[in-house]
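Novice: Sharing a structure with you now.
The values are calculated or read from the model by the stated rules, or taken from the named source; none is laboratory data. Bear in mind the structure is a predicted one, so any value in this text is a computation, not a measurement. When we count neighbours, we look across all protein chains shown, and the Cβ atoms used for this are built from the backbone with ideal geometry, even at glycine. Keep in mind that these areas ignore ligands, DNA and RNA; they rest on the heavy atoms of the full protein, side chains included. Shrake-Rupley method; radii C 1.70, N 1.55, O 1.52, S 1.80 Å.
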Amino acid sequence: EPEVTQTPSHQVTQMGQEVILRCVPISNHLYFYWYRQILGQKVEFLVSFYNNEISEKSEIFDDQFSVERPDGSNFTLKIRSTKLEDSAMYFCASGFGGGADTQYFGPGTRLTVL
Amino acid sequence: GESVGLHLPTLSVQEGDNSIINCAYSNSASDYFIWYKQESGKGPQFIIDIRSNMDKRQGQRVTVLLNKTVKHLSLQIAATQPGDSAVYFCAENSGGSNYKLTFGKGTLLTVNP
């Protein structure tokens, strides 16, 4: 069964450094998402991406964040200058339809900012 | 404002019993709902979904009930097994051009052998 994959599984970085989290969505999906989950809290929406552009973003997704689909298979989340409060699990998700359709999640990348 | 929340943060059941996990939502425009299961250290795993034009949907050992009058969603798990132990989240989407899922806080289900 196809699944969303993410790399790395764990990323440790120093405050102020740039990180890139990578995702390979399910191959025939058209909609791509990033969510995050701070330890012990609920999953929070960051951004959705469709047709090579951002379709919606939350207030968390400020100028320090960017997304890119550099080729036909990868979907990346970049944080330009990490802060301590960026430490969280970051989940990529993809779906065939839009928001009112099932979103399938990857296993996540645990980001630790020191 | 829109919000999705859970009535009970923890639920402990005996193996073989039925489990019911509840969720309340406040956005009357929500028209699509999903239940996810999250095991420790893993991503949310799709269990079952329901659209607002339905009030019940059944899967394998799981049933989702939607009561739009009181904005309430529930997940029923039949014959609960130890492998069902996880955190369960409800999520909602208000459709249209709204792409995001809004998640509830989660309920920890513990199945005792």
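Novice: Set the bar at 24 Å for Cα to Cα. Now go through B:K37/B:K100; A:K57/B:K56; A:K42/A:K78; A:K57/B:K68; B:K42/B:K105; A:K78/B:K105 and name every pair that lies beyond it. Numbers along the way, then the final one.
Specialist: Working: B:K37/B:K100 18 Å; A:K57/B:K56 31 Å; A:K42/A:K78 22 Å; A:K57/B:K68 27 Å; B:K42/B:K105 16 Å; A:K78/B:K105 26 Å.
The pairs that break the limit, which is 24 Å between Cα atoms, are A:K57/B:K56; A:K57/B:K68; A:K78/B:K105.
Novice: Which value in nm describes the separation of the simple spin-label points at B:Q60 and B:N27, placed 7 Å from the Cα toward the beta carbon?
Specialist: Using points 7 Å along Cα→Cβ, the separation is 3.1 nm.
Novice: For chain B, what value does the Rg/Rh ratio take when both radii are computed over Cα atoms and Rh is the Kirkwood radius, given to two decimals? Intermediate results must be reported in sequence, preceding the final value.
Specialist: On the way: Rg = 13.5 Å, Rh = 14.1 Å.
Here Rg/Rh amounts to 0.96.
Novice: I need to check one value: relative contact order of chain A, counting alpha carbon pairs closer than 8 Å and at least 6 residues apart, in percent.
Specialist: Rounded, it is 38 percent for chain A.
Novice: Enter the accessible area per residue of the protein assembly as shown (Å², integer; probe 1.4 Å; all protein chains in place). Each step should come with its number before you reach the end.
Specialist: Numbers: 10970 Å² over 227 residues.
With the other protein chains kept in place, the protein assembly as shown gives 48 Å² per residue.
Novice: Can I ask one more? Is there a quick way to get the dipole size of the stretch A:1-100? I mean about its Cα centre, with the Cβ of Lys and Arg at +1 and of Asp and Glu at -1; what is the value in debye to the nearest 20? All intermediate terms of the calculation are to be shown ahead of the outcome.
Specialist: On the way: 8 positive and 13 negative charges, 27 e Å.
Taking the Cα centre of the stretch A:1-100 as origin, the dipole is about 140 debye.
Novice: In addition: Using a 1.4 Å probe on the protein heavy atoms, what percent of the accessible area of the protein assembly as shown belongs to carbon and sulfur?
Specialist: On the way: 5130 of 10970 Å².
The nonpolar share, carbon plus sulfur, comes to 47 percent.
Novice: When you count, for each residue, the other Cβ atoms within 10 Å and take the mean per peptide, how do A:44-50, A:17-23 rank with the highest first?
Specialist: Listed from highest to lowest mean packing, they are A:44-50, A:17-23.
Novice: Another question, if that's okay. I need the calculated FRET efficiency for the pair A:N51 and B:K71, taking r as the beta carbon distance and R₀ as 25 Å, to the nearest 0.05.
Specialist: Details: r = 33 Å, r/R0 = 1.31.
It comes to 0.15.
Novice: Still on this structure: Can you give the accessible area buried between chains A and B, summed over both chains, with a 1.4 Å probe, in Å² to the nearest 100?
Specialist: On the way: alone 6450 and 6220 Å², together 10970 Å².
Approximately 1700 Å² gets buried when A meets B.
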